Amino acid sequence: MTGSSARVQTGGYDLPVYDYVRPPELAGGPRRRYPVVIVGGGLSGLTAACDLACRGIEAVLLDEDDTIGVRGASSRGICYAQKSLEIFDRLGIYQRIRDKGITWSVGKVVEGEEVLYSFDLAPGSASAQPPFINIQQFYVEWFLVDRIRELGRTDLRWKNRVTAVRQGAEHAVLSVETPDGAYEIEADWVVDATGLASPIRDGLGLPTHPERGEDRWCISDVRFRKPLPTERWTWVEAPFNENRAVWQHLMADGVWRIDYQMAPNADPAEVSRTEVAEARLRAHLGPEVEFEVVWVGPYSYRTHLMDDFRCGRVLFIGDAAHVMSPFGARGGNSGIQDADNLGWKLALVLRGEAPESLLDSFDAERRPAAAHNIKVTSRTGRFLAPRTEMERIIRKAVLDLSTEHPFARLLLNTGRMSAPFRYDASPLNTGAEGEAVPNVRLGEGVLSDLLRGEGAAFVALWAPDPAQPGLAAALQAVAERGWPVRVFACGAEAQPLPHLSGSGMGLLGLTPGTLLLVRPDQHLAARIRDADPAALEAALARALCRAPSDALARA
Amino acid sequence: MRTDPNIPDPDGFYEALLDTHAGLSIEESHALNARLVLLLANQIGDAAVLRACLAAARASAGQNRDTASRDTQNRETAR
Ligand SMILES: Cc1cc2nc3c(=O)[nH]c(=O)nc-3n(C[C@H](O)[C@H](O)[C@H](O)COP(=O)(O)OP(=O)(O)OC[C@H]3O[C@@H](n4cnc5c(N)ncnc54)[C@H](O)[C@@H]3O)c2cc1C
C-alpha cells in the first residue's frame, strides 16, 4: 500500500502528497487481469473505489496526479448534499466531514439590505444527515483516500496516467504511463472517472454534445473576520458588484466562498488579478473588514452529456459522463451518486449474483438524472443571465413583485439545491417507485447501517400483519434461498425475523402488511402492499435483472 | 383554457387596463405588463391552462388581422 510521506502547504492549507510506487507490472511482475480498474481519483472515482472496498471488491485506482484536489488551494465543489452525506455515512467518512465542515440549511436571496426570499431545508427532513455540509472538495477526497487505505482492498496508484483503452468482448486493456515508463493492465470492467476532459471517452470516439455558457464568473475564496450567519446568501443584482449576481457561503477553516458574476465580455485574466479581486472584496465587505485571499479563479460554464454511460466494458461516471453549471451544487453530488449507483451493481455482477445486463440500468437511471440536473441548472443560468431585453424585463418583474408578494419569491432562481433523483422510469422498479429513501433512524442506528457489509444486499422492511402469522418465516426463507436480501420486522415483532423499531418507522409510511424493498443504494425498488414471498421474489428478480424463478444457488 | 367570454364588463376592463398604463413610458409599460402577467398567472395557478395560454398568445403573434377582427365580430353576434 502506498503511503503519504509529504505535505504541500498552499493557501494556508496543509495537504497530503502520496508516494508514487513502481507498479508491479514494471517491476517484473506478470500482466494481471483485475476485476475493476477505476481511472481518476477525484470525487467520483474515489467514491467508487471506497464503495467497492466496503463491499469487499478489490480494485485498482489509477490517477495521473499524486495529491488530492487541484494544486493551488482551489476547491471546486463546496456544498455536499444530504444524499451524498448519507452515502458517506455508509462508507464511514461522514463523521469526519461533519466535524470539519459547516452544517447549514438556510438560504437567502438578498437585495441590498433586504431579504427577498429565504428557505430552510431542515424542517421536513427525515434523514439523520443534515440537508447540506459545506467543505472544501479536497478534504472530502482526502478522507476518502484515508478510508480506502484503511479498508486495504484498493491498489491506489498515483502518477499513473491512462493514455488509451481498447476493449474486446471479455475484457479491456488499459495503456498506462508512469515516471518509470509505460505498461498495460487488463480489467473486466473499467470505471472512467477522469472528469471533464476524459481521454478514455474521447479515445473511444464517444460524443458529449458540449455547450459553452457565455456567462462569466470569478470565485474568491477568502478568510475574513466579520460576524455573519452560516447561511447561503445570494444576490441577483448586488450593488457592490455592478448589479450583477453574487453568492456567499462559508466552508471549513473559516474560508468563505464568494462567487461574483462578471460582465459578459470580461477578460478572465483581468478580473482575477489580485488588485481587481481585492477591490471587489473591499466593496463587498466594507472598509473596516480585514481579509486574506486564499484563492481566486475565473470560470465560465459548460454542459455536456454522453449518449450512453456504458460502452461495452467501460462505465462513465461523474464529469466524464456529464457536466453542468455549478448552480445548486449538482455536479460533484451527482458524480458521488453515480458511484453509489454503480458500486452495488458491479459488486453483484462480479459475485455472480446478477447478470451483466444489470449494468445497463446504470445508464438507464443515471443518464436521466444528469439530464434533469442539466435542465435545472440551465434554468438558473437563464435567470441569472437574461439572454434578451425581454428576459431581463420579466426577471425585473419577478424581483419587484418579490418584496411584497410571496408567490413571486418562488420564481427567484439563484440555484435549486441538489436533491436525489427519483428513478421513476427505471426498469428495476416494481411500480413507479425509485425515490431515495431518507436515512431514517431505526432501532439503535440508521437505515444505512443495514446496508453495510460485504457484497450488496437489499433490505426488506416489513410491517407484520398480525392476521398472517406464518408470513415472517416465509419471508425469511426468501433470503435463505439465496436472494441477496435482509428482511426485518418493523414496528411489531415477528419471529424469526430481526426486529426494528424507531422514530423513522412512521416516516416510511409502513402500514401493517406493507413491505418496502430498499436497494443497496437506498433507493426504493418496490412498495408491496399485502406482501408475500412470491411478490418479494418477483420484485428482487426485477431489481436484479434475473428471472423470477431464479432462486439462486449461491451460498 | 377558456375562450368563451368570461370578463365582466369588457369595455370597463379594457378602459381600466389602458388607464393602468396611462402616463408611463414604453419601458415602464413593458415592466408593468410583465408584473401583470405574473400576477395573473398566479391567479390561474393551473399548469395546463397556463401552458395553453402561453401557446395561444404565441400563436397569435404575427397572425393577420382578418382572423382577429372576425373573432371580434363573432363575439359581437354571440352577445
Ligand atoms: C466553480 C465550481 C464550483 C463547484 N461547486 C460544486 C459544489 O458546491 N458541489 C458539488 O457537488 N460540485 C461542485 N462543482 C462540480 C464538481 O467540482 C465536479 O463535478 C467534480 O469535481 C467532478 O468529479 P469527478 O471525480 O467526476 O472529476 P474530477 O474531480 O475532475 O476528477 C478527475 C480525476 O481524474 C484524474 N485524471 C484525469 N485524467 C486522467 C488520466 N488520463 N489518467 C489517470 N487519471 C486521470 C485527475 O487527476 C482527477 O483526479 C463545482 C465545480 C466548479 C467548477
Quickly run through the range A:411-432 and pick out the residues that are buried (at least 21 other Cβ atoms within 10 Å of the Cβ) and more than 15 Å from A:Ser361 (Cα to Cα). A:Thr414, A:Gly415, A:Ser418, A:Pro420
Among the residues that make up the range A:84-91, is at least one of them buried (at least 22 other Cβ atoms within 10 Å of the Cβ), in contact with a strand residue (DSSP E or B) (Cβ under 7 Å, 6 or more places away or on another chain) and more than 21 Å from A:Leu450 (Cα to Cα)? no
Of (1) within 20 Å of A:Leu46 (Cα to Cα); (2) of a type in the set (Gly, Ala, Ser); (3) out of contact with any strand residue (DSSP E or B) (no Cβ under 7 Å at 6 or more places or on another chain), A:Ser198 satisfies all except one. Which? (3)
Within the set of pairs 6 or more residues apart or between chains, which connect a residue that is more than 14 Å from chain B (Cβ to nearest Cβ) inside the range A:31-43 to a residue that is among the charged types (D, E, K, R) and within 15 Å of the ligand (Cβ to nearest atom) with Cβ atoms less than 6 Å apart? A:Val39/A:Asp192; A:Gly41/A:Asp63
Being more than 16 Å from the ligand (Cβ to nearest atom), assigned to a helix (DSSP H, G or I) and of a type in the set (Gly, Ala, Ser) is the requirement here; does A:Ala277 meet it? no
Could we say that A:Trp235 is under 27 Å from the mean Cα position of the chain (by Cα), part of a strand (DSSP E or B), closer than 30 Å to A:Leu121 by Cα and near the ligand (Cβ under 10 Å from one of its atoms) here? no
Evaluate the following for A:Val60: is it over 18 Å from the mean Cα position of the chain (by Cα), of a type in the set (Val, Ile, Thr) and either within 14 Å of the ligand (Cβ to nearest atom) or closer than 19 Å to A:Val191 by Cα (or both)? yes
Could you figure out which of (1) touching a residue at least 24 places away in the same chain (Cβ under 8 Å); (2) within 13 Å of the ligand (Cβ to nearest atom); (3) not in a strand (DSSP E or B) isn't true of A:Ala164? (3)
Please list, ordered by residue number, the strands (runs of 3 or more DSSP E) wholly in the range A:23-106 having 2 or more residues that are β-branched (Val, Ile, Thr). A:33-39, A:102-104
Among (1) under 19 Å from A:Lys396 (Cα atoms); (2) among the β-branched types (Val, Ile, Thr); (3) modelled with pLDDT under 95, B:Ile26 falls short only on (3)
Every listed condition ((1) modelled with pLDDT under 95; (2) more than 16 Å from the ligand (Cβ to nearest atom)) holds for A:Ser272 save (2)
Quick one: A:Ser325 ticks every box in (1) touching a residue at least 24 places away in the same chain (Cβ under 8 Å); (2) under 18 Å from the mean Cα position of the chain (by Cα); (3) away from the ligand (no atom under 15 Å from the Cβ) bar one, so which box is it? (3)
Kindly indicate the residue of the range A:173-223 that is more than 11 Å from the ligand (Cβ to nearest atom), assigned to a loop (DSSP other than H, G, I, E, B) and surrounded by fewer than 16 Cβ atoms within 10 Å (Cβ to Cβ) and also nearest to the other protein chains (Cβ to nearest Cβ) among those meeting that condition. A:His209
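Table: residues versus (1) within 14 Å of another protein chain (Cβ to nearest Cβ); (2) over 30 Å from A:Arg153 (Cβ atoms); (3) modelled with pLDDT of 95 or more.
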position: A:Ala371; (1), (2), (3): no, yes, yes
position: A:Glu404; (1), (2), (3): yes, yes, no
position: A:Gly431; (1), (2), (3): no, yes, no
position: A:Arg441; (1), (2), (3): no, no, no
position: A:Gly445; (1), (2), (3): no, no, no
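The values are calculated or read from the model by the stated rules, or taken from the named source; none is laboratory data. The model shown is predicted, which means the values in this text are computed figures rather than measured ones. All Cβ positions, even for glycine, are placed from backbone atoms using ideal geometry, and neighbour counts span all protein chains on display.
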